[in-house]
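The structure under discussion appears below in the form of structure tokens.
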Amino acid sequence: MAKTHGDRIREAFTRQAGTFEDERLNVAFTSGLPWLLSHVEPRPDDVVLDVAAGTGIVSRALAPDAARVVAVDSTEAMIEQGRSRVVAEGHLNLGFVRGAAEDLPFSNQEFSLVVTRFSLHHFADPPRALREMVRVLRRAGRLVVMDLVASTDPTIAARQDHVERLRDASHVRMPPRGAVRDWLQECGLEVAQVAERQIDRPVKGWLQQSKTDEHAAAQVRAALEADVAGGENTGLRPHAVDGELWFHQTWELTVARGRARDEART
Ligand SMILES: C[S@@+](CC[C@H](N)C(=O)[O-])C[C@H]1O[C@@H](n2cnc3c(N)ncnc32)[C@H](O)[C@@H]1O
């Protein structure tokens, strides 16, 4: 039987659950936290939902500054890793729930703050998942989305996605720059801020973190090396650092509020 997208997500993140909590390999996930938190600005009375939370790296960073945090994810292995970290770190106000971003197991307007990071590029239908996040958000709530973004040139974006998919078969498509802002505005939210960050990452650690099999990893390296040598532009700006291959990602962070939705209804 053909694999479904859900099968690919489960396989990829069951395999990666351990590396998400390996501090030699999860630097991109932890070093980006201060930038994210400075835009999220959690409040002591916030009831937070972290969607596609994985092992809860973001949830655990938010928990000390919020009233309660719920981390929802579809992959049991990621949740198990996250639960053991929550116990080890002593977060009493953080719980994990298994569920799909497209069909969140929560009532309307349960949360004052909804956050999702590095998730949209794994979703088959990102606007559908965003509509669900807006459904569970309080009317004056805040929604913060952080993800990889692709070039606005569709040819380059397709090549970026091809390399990402070789690395991790559960990758669907990076949103183009600005798409999240447009989707959230279509949901009736007011977009307060869009920020961008340029990141350089070592290819070796990136492939180790995803546990990419050797055949696919060799294809990734070959595409990037050809780009360095003046061949096809992968859009990932590969370059050598002390003899090692590095590449470039663009992270985009969008902060939105529910105020416009309220005003639209009055
Ligand atoms: C790259 S990880 C990001 C984890 C976390 N947000 C972070 O930044 O550390 C992507 C996560 O999305 C989850 N995921 C993918 N598709 C999902 C869906 N449709 N519903 C819920 N979780 C999903 C995967 O199980 C995985 O844990």
Among (1) under 20 Å from PRO126 (Cα atoms); (2) of a type in the set (Val, Ile, Thr); (3) more than 10 Å from the ligand (Cβ to nearest atom), where does VAL72 come up short? (3)
Given (1) in a helix (DSSP H, G or I); (2) of a type in the set (Gly, Ala, Ser); (3) open to solvent by less than 30 Å² (accessible area, probe 1.4 Å); (4) within 16 Å of GLN209 (Cβ to Cβ), GLY18 misses just (3)
Of the conditions (1) open to solvent by 20 Å² or more (accessible area, probe 1.4 Å); (2) modelled with pLDDT of 95 or more; (3) among the β-branched types (Val, Ile, Thr); (4) farther than 27 Å from VAL69 by Cβ, the single one that VAL203 does not satisfy is (1)
Report yes if some residue within segment 185-198 is open to solvent by 10 Å² or more (accessible area, probe 1.4 Å), within 17 Å of THR254 (Cβ to Cβ) and of a type in the set (Val, Ile, Thr); otherwise report no. yes
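Residue by residue through segment 99-114, note down the ones that are touching a helix residue (DSSP H, G or I) at 6+ places or on another chain (Cβ under 6 Å) and in contact (Cβ under 8 Å) with a residue 40 or more places away in the chain.
If we filter segment 99-114 for residues that are touching a helix residue (DSSP H, G or I) at 6+ places or on another chain (Cβ under 6 Å), which is where we start, we get 101-102, 104, 108, 114.
Those that are touching a helix residue (DSSP H, G or I) at 6+ places or on another chain (Cβ under 6 Å) and in contact (Cβ under 8 Å) with a residue 40 or more places away in the chain: ALA101, LEU104, VAL114.
Identify all residues within segment 22-72 that are of a type in the set (Gly, Ala, Ser) and more than 12 Å from the chain's Cα centre (by Cα); write none if there are none.
Just the residues of segment 22-72 that are of a type in the set (Gly, Ala, Ser), to begin with: 28, 31-32, 38, 52-54, 56, 59, 61, 63, 66-67, 71.
SER31, SER38, SER59, ALA61, ALA63, ALA66, ALA67, ALA71 - these are the residues of segment 22-72 that are of a type in the set (Gly, Ala, Ser) and more than 12 Å from the chain's Cα centre (by Cα).
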Determine the pairs where a residue that is over 16 Å from VAL203 (Cα atoms), located within segment 16-34, has a partner that is of a type in the set (Lys, Arg) and surrounded by 17 or more Cβ atoms within 10 Å (Cβ to Cβ) with Cβ atoms under 8 Å apart, the partner being 6 or more residues away or on another chain. GLU21/ARG85
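Out of all the residues in segment 6-15, which are surrounded by 14 or more Cβ atoms within 10 Å (Cβ to Cβ) and within 8 Å of the ligand (Cβ to nearest atom)?
Once the filter is applied, which keeps residues that are surrounded by 14 or more Cβ atoms within 10 Å (Cβ to Cβ) and within 8 Å of the ligand (Cβ to nearest atom), segment 6-15 yields ILE9, ARG10, ALA12, PHE13.
This table checks each residue for (1) in contact with a Lys or Arg (Cβ under 8 Å, 6 or more places away or on another chain); (2) open to solvent by less than 60 Å² (accessible area, probe 1.4 Å); (3) at pLDDT 95 or above.
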| position | (1), (2), (3) |
| --- | --- |
| ASP65 | yes, no, yes |
| PHE123 | no, yes, yes |
| PRO127 | no, yes, yes |
| MET133 | no, yes, yes |
| THR155 | no, no, yes |
I'm trying to understand the selection: among the residues of segment 98-127, which are more than 8 Å from the ligand (Cβ to nearest atom), among the small types (Gly, Ala, Ser) and assigned to a strand (DSSP E or B)? SER112
Do you know which of the residues in segment 26-59 that are part of a helix (DSSP H, G or I) and in contact with an Asp or Glu (Cβ under 6 Å, 6 or more places away or on another chain) is nearest to the ligand (Cβ to nearest atom)? VAL58
Suppose we filter segment 71-89 for residues that are open to solvent by 80 Å² or more (accessible area, probe 1.4 Å) and in contact (Cβ under 8 Å) with a residue 60 or more places away in the chain; how many remain? 2
Can you tell me which residues in segment 130-174 are in contact with a Pro (Cβ under 6 Å, 6 or more places away or on another chain) and without any contact (Cβ under 8 Å) to a residue 24 or more places away in the chain? none
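The values are calculated or read from the model by the stated rules, or taken from the named source; none is laboratory data. None of these values were measured; they are calculated from a predicted model. Every residue, glycine as well, gets a Cβ built from its backbone with ideal geometry; the counts of neighbours run over all protein chains shown. These area figures cover heavy atoms from the full protein model, side chains too; ligands, DNA and RNA do not enter into them. Shrake-Rupley method; radii C 1.70, N 1.55, O 1.52, S 1.80 Å.
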